[in-house]
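The structure under discussion appears below in the form of structure tokens.
Taken together, the values in this text are just the output of simple stated rules run on the coordinates, not laboratory data. Only a predicted model underlies this, so the values are computations on that prediction, with no experimental measurement involved. Cβ: placed from backbone, ideal geometry, glycine included. Neighbour counts: every protein chain shown.
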Amino acid sequence: MSPAPPADWNEEHQSEWPAVALLESLNYEFVAAALLEAEREGPKEPILTERLARALKKLNPWLSPENIHKAVRAITHAPAASLIEANAKLHTTLTHGTTVEQDVGSGKKSQTVQFIDFTRPEHNEFLVTRQYRVLGAKKEIRADIVVFVNGIPLAVIECKSPTLGEKWLDEAVTQLLRYQEVGSEFKDLGAPRLFETAQLVIATCGQAASYGTLWTPQRFWAEWKEPHPFTVEELGKKLGRTPSAQDVLLYGLLEPRNLLDLTRNFVVFEIERGKTIRKVCRYKQFVAVNRAIARAKAAKRPEDRGGVIWHTQGSGKSLTMLWLALKLRRDPDFQNPTLVVVTDRTDLDKQISDTFGRCGYPNPERAKGVKDLREILTHPTGKTITTTIQKFQDLTAGQADGKRVHRDEHPTLSKADNIFVLVDEAHRTQYSSLAANMRKALPHACFLGFTGTPIDKEDRSTLHTFGPYIDQYTIEQAVQDGATVPIFYESRLPELRILGNSLDKVFDHVFADRSEKEREAIKQKYANEETLAGAPKRIEAICLDVLEHYTRFIQPDGFKAQVVAVNRDTAITYKETLDKLNAPESALIFTVGHNEGERYQKHATSKQEQARLIERFLDPKDKLSLLVVCDMLLTGFDAPIEQVMYLDKPLREHTLLQAIARVNRKADGKKYGLVVDYWGVSGALHEALAIFSPSDVQGALQPKLDELPRLQTRHQAALRFFQKVKDKDDLDACVAVLEPEDVRAHFNQAFRAFSESLDMLLPDPKALPYVGDLRWLGKIRAAARARFRDRSLDIRDCGAKVRQLIEESVVAEGIQILVKEVSLFGKEFEQKLDALKTPEAKASEMEHAIRHEIHVKLEENPAFYLSLRERLEKILEDRKLKRIDDARQLELFQHIIDEARDEAGAAQKAGLSDFAFAIYGVLDEDELPRAGEPEIAYNETRKDLATLIQERIEPSTAIVDWASKEDVQREMRQRIKQCLRVAKFGDTAKVEAATAKIMDLARARRKR
């Protein structure tokens, strides 16, 4: 086994105290948790109600004692059906206040009570504590660090030791989800009330840190990389040392002004498929919004207030716009501003408007047409308007009273300087007369351009139009931060690609069955790229390739795809060919005019039908797998479920970059997006990327073969663990290498990296030489998981292709029993032992099986299983010191196994039932009976007491769901205490401790 780390390498010294010290430097007061008990209404109440009452009186001096009590209850007793509902209600209460009836000098009226002074942080009380205990329905949790503002917990921090390696975050997030009781497996194991007011949930290990919010799955946890308003270097000067990632995150999120800003302006509750999702900003969104606000305030000339926010696609641009709008609206310096949100497409206009509405943004007004927009902007004060750029057009020329009416010049609608125009996709249409009209209509407005793909050309420059960058978030940064996944590029079927220099080759291939004379006639009349692209023979060949690729390598992981055709006619051919080939369910999304022919009409869908198809496509459980499009859904379509785009269309510049970004959204299990090119857009891609500086677009699209060098490096790193094993076919010897927990953790990391690279490269033939080693390593990993009962070695975290390779190999070689986790009590345990070749392997299997069983059963009978654990450790120590040999060790292990299997027999020998036997162990823990020692002299008085307690509480344990009913548990505790006092068991403290342990026993055994 690896040596234990020094005592001061634990989470307390490496993470907790450094976090507290940093917060103290930010003017937080540290108070020990024990001293805060008197300020709470009880162990279940996480809010420091006395401190909150004092803060309410300070912030609202007019409040009466009665109304202070009402205001406190508005926070401590929010009626809600779920934690997320309670959190949403309390977020509104904290940010907007609550109302009470009180006479403050002009009669009894509704008055707003303020809980936090968001504009003057120094008027609030910031407090931090450690090891804060909160009682849930059944269990008490102990939060490592809790941050309070005015007695209200706003952040919960879970600290881990950095010695855990890459497992630290998984353990921290799992623990925080348990505290929140997220998922049925954590029911009644946490204290969700602590999180009803929590704005941030943070995990740290001293050297690294991540954050989420309520119910955040681990894949959406993120780092915070800018300690705004400082740079990392400036924070280092302030601290007098190089800041750790933990320092940066804690400063960026919990510096008092930042924490209040985040709480008030950067939280939304969004409904997604009927489920409420709480979202908080990423660091780049926070920085961009605050930089935009700062520029708008600091600029000396109106035209210098604007600029460009370039955040790569998929990084949350719509929410950044929403948060900027929210903060502009609340800032008193802008005097109730008008906000105009401009897009260039009706569907994007609706999407933005819907996003604002879903997130609870106050009353966005959607302009219905040109005249409606002009009327709104004539008296715009305080409104939020969403519109398309097209509504800034001139009124249409026409005839009136027989006279020609000329197209009008766009009028100036408002000269106010507190108008902010937020332009989405600012690279697309901001260089035309429509954009000029918009600026003429609002001459003193501040124009802010949002883009994922800015253009910087002499004739069309986003920066020239809007001003310099406010903030940039490049493709590479977003991938490194985990905001998006990398996009890989793969060219398929080169003989069918539509490139100028291969046009004749494609033509000859498609029309190979025609005579030379026929081919010449066809070429003269129809030989253009689009005609050849739509040739049924070519489409059929591509569809066969798409189906082979999709069903083997994308569908098994649960992801979906788009097929992009060059035009609508070709899109129909794709749809019909896919149906003919019995492909997974597909849908065709395009527009059809009323006067178009039957071929188009039979595929026509209404807007409502298209919306329903898109909703089905976005649903991971729905069988609709493929969307066939030509122009629609190539931009502004947010589909995390989409992993691959089969591209058969010439796209250029920002349109190409936007289209391929459809596959970069994050989803559970999605490591990368893929563009499979059947057209040959690589040349156009280079042209598109040439618009930007190389650093801005680095990593935009990586050829899939670029993964080969990384695969080779990762392959060697994984094999290196077993270089000293002489016989590579000796599975037991290979598994033995992984017995130390730290070695196992490092191997697990190397294996996952290797399998991820292989999963990305397959089905390319260049991946095939590595498949054999992957299977071999996979078998070792699976066997180690079974041997050491290590859940982190589960192959379910591998891609579908890799998983299938490993599973097939295990079956083919007949080693299922060796890689299967077999229970100590199962019939297959002896069979597995027999299959192991060496005494060392048998001893290792027995040791870890015993350890696992003790771990699982310890809460059900602590005395019995603690005695088994002590004996196990004694045997291991004796073998290490060579007091016993391998044969004797195996014999002694077998004795422990026999006794573990016969817990009921041990109880029977003592003359007790199973439950009374466990209770006996609690009562006599100072003189624990050593299991397996026949000379044990059981205390008859204690035996009688254990049996009596069992009889007194057993009727209560028969009540359905008794462990969630406080009244039933209270009665059980009273009966236990009564028995203990009559038996003169000990003083009050000893009686209380024994009662708590017996109740824990009862809860642990209720699932038996």
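Rounded to whole numbers, the Karplus 3J(HN,Hα) couplings from phi for segment 10-21 are 7, 5, 4, 7, 8, 10, 5, 5, x, 5, 4, 4 Hz, using 6.51 cos²θ - 1.76 cosθ + 1.60 with θ = phi - 60°, and x at Gly and Pro. Of the peptides 663-671, 306-314, the ranking by mean beta-carbon count within 10 Å, highest at the top, reads 306-314, 663-671. The trypsin sites (Lys or Arg not before Pro) of segment 251-289 that meet both conditions, a loop assignment by DSSP and at most 14 other Cβ atoms within 10 Å of the site Cβ, are Arg273. Starting from segment 533-606, pick out the trypsin sites (Lys or Arg not before Pro) whose DSSP state is loop and whose Cβ has at most 15 other Cβ atoms within 10 Å. Here the sparse-neighbourhood loop sites are Lys602. Which of Lys44/Lys167; Lys275/Lys666; Lys167/Lys187 have a Cα-Cα distance over 22 Å? Over 22 Å apart, Cα to Cα: Lys44/Lys167; Lys167/Lys187. In sequence order, segment 947-955 has phi-based couplings of 5, 4, 4, 4, 4, 6, 9, 4, x Hz under the Karplus curve 6.51 cos²θ - 1.76 cosθ + 1.60, θ = phi - 60°, and Gly or Pro positions carry x. Between Gln608 and His594, what is the label-point separation in nm under the 7 Å Cα-to-beta-carbon projection? With each label placed 7 Å out from Cα toward Cβ, I get 1.8 nm. 3J(HN,Hα) couplings calculated from phi for segment 774-783 with the Karplus curve 6.51 cos²θ - 1.76 cosθ + 1.60 (θ = phi - 60°) are, in sequence order, 5, 4, 5, 5, x, 5, 4, 4, 5, 5 Hz; Gly and Pro show x. Footprinting exposure proxy ranking of Ser244, Ser210, fewest other C-beta atoms within 10 angstrom first, gives Ser244, Ser210.
Measure up Lys327/Lys350; Lys621/Lys728; Lys160/Lys728 against 31 Å on the Cα-Cα distance and list the ones that go over. Distance filter (> 31 Å) returns Lys621/Lys728; Lys160/Lys728. Fewest-first ordering of Tyr489, Tyr678 by other beta carbons within 10 Å of each residue's beta carbon gives Tyr489, Tyr678. Label segment 290-338 by shape, choosing from rounded, prolate and oblate, from the square roots a ≥ b ≥ c of the eigenvalues of the Cα gyration tensor; if a/c is under 1.5 it is rounded, and otherwise prolate applies when a/b is larger than b/c, oblate when it is not. Verdict is oblate for segment 290-338. Taking R0 as 56 Å, what's the FRET efficiency between Asn939 and Val725 from their Cβ-Cβ distance, rounded to 0.05? My answer for the efficiency is 0.60. As a calculated quantity, the FRET efficiency between Ala989 and Arg73 at R0 = 60 Å, using C-beta atoms, amounts to about 0.95. Evaluated with a Cβ-only charge set (Lys, Arg +1; Asp, Glu -1), segment 11-272 carries a dipole of roughly 560 debye about its Cα centre, given to the nearest 20. Shown for Arg952, Arg714: other C-beta atoms within 10 Å of each C-beta, ranked fewest to most, produce the order Arg952, Arg714. Remark: spin-label model distance Arg710-Arg616 equals 3.6 nm, labels positioned 7 Å along the Cα→Cβ axis. Sparsely packed loop sites in segment 214-244 (the trypsin sites (Lys or Arg not before Pro) outside DSSP H, G, I, E and B with at most 10 other Cβ atoms within 10 Å) comprise Arg241. Is the C-alpha gyration tensor of segment 11-272 telling us rounded, prolate or oblate? Criteria: a/c under 1.5 is rounded; beyond that, a/b larger than b/c is prolate, otherwise oblate. Taking the square roots of the gyration eigenvalues as a ≥ b ≥ c, segment 11-272 is prolate. The overall shape of segment 115-253, judged from the alpha-carbon gyration tensor, is oblate: a/c is not under 1.5, and a/b is no greater than b/c.
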